[in-house]
Ligand SMILES: *Cc1c(COP(=O)(O)O)cnc(C)c1O
């Protein structure tokens, strides 16, 4: 029997090649052209007023903290409340800007627990980074309220949330955050090769993000190329980064976006099949996604005792699972930072991400559940 991978991108090859070919035909693969097109499409799809295409979500997280730190004059004492149960990009961004991470606990949704966040707020607290784990939304609305009440910036790491929408309004989750960052990394649910998006709610920050993602230069090469003759003069006002995305990556994500709703619906269909067939196993806890959303369903996570053995046994049956994530506060680099992470510590030992992507079928879900049932 063939192997089942935990995550795997699906590309519409001919359609994607046609988008890429346009870049090669006109001789433009860089910033501008398809990156602008994708930004427009992304704004239309999500309702974000501004969107700037980047080479990764990691760059977006770094950029968000860089911009807020400058804007508000945060010092290295400034505390950023974050989750430990995330990909290290989320928290590295805090250290990269010489700010202080503080780890709050998560609740059963595996997203930040509002009670834990409240406990950790003090006069040094400046911002909260919320991660919608696996496409879930947890108590996001309560966290938004807490940030409002305490004058804190709310950054949404939406790396898993492309297409996660509120059921009542049909709107993408996060239009009320102070900055939202998406990932189009290859195994995320709206894949490119590697890319990301940063969405600020106002023009001033969007303009700054554009400048800083291109080394602090005030005009893009595409602007200079587009204005008839190539204008070689430019000004550099800030110390920026090489974070902007390119047209090839944008061409790939343009096609992924066309199918995003359809693909997410298929993910939810598989997740529902898992839900139904796992119900009868009392030894398996399922991480529920909120009823208030249509989840992007980037991940399907369960909790089991004796996790490592189960992952190994599943692999013997050709079923390859993942773990999202190892608690960041336990990594050497995060030693010594404040952490209220009791639930994170206990749940992280039990988590398994089961295979969920567009190349598996309901029959594959049946095979995973049968194998899992036999083991537990
Ligand atoms: C993947 C991921 C990132 C980083 O995304 P890249 O586009 O690969 O830089 C950030 N946060 C979370 C939660 C992720 O899963």
Open item on the list: Out of the residues in the stretch 271-301 meeting the condition of being in contact with a strand residue (DSSP E or B) (Cβ under 6 Å, 6 or more places away or on another chain) and part of a helix (DSSP H, G or I), tell me which one is nearest to the ligand (Cβ to nearest atom).
Closed with: 271
Open item on the list: Residues that are within 30 Å of residue 367 (Cα to Cα) and within 14 Å of the ligand (Cβ to nearest atom): does the stretch 44-64 have at least one?
Closed with: no
TODO: Would you check if there is a residue in the stretch 234-243 being modelled with pLDDT of 85 or more, farther than 30 Å from residue 177 by Cβ and part of a loop (DSSP other than H, G, I, E, B)?
DONE: yes
Task: Candidates 66, 96 - the one that is out of contact with any strand residue (DSSP E or B) (no Cβ under 8 Å at 6 or more places or on another chain), buried (at least 20 other Cβ atoms within 10 Å of the Cβ) and farther than 30 Å from residue 288 by Cα - done: 66
- [ ] From (1) farther than 20 Å from residue 188 by Cβ; (2) part of a helix (DSSP H, G or I), pick out the condition that doesn't hold for residue 263.
- [x] (1)
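The values are calculated or read from the model by the stated rules, or taken from the named source; none is laboratory data. Given the structure is predicted, the values throughout are model-derived calculations rather than measurements. Backbone-built Cβ (ideal geometry, glycine too); neighbour counts: all protein chains shown.
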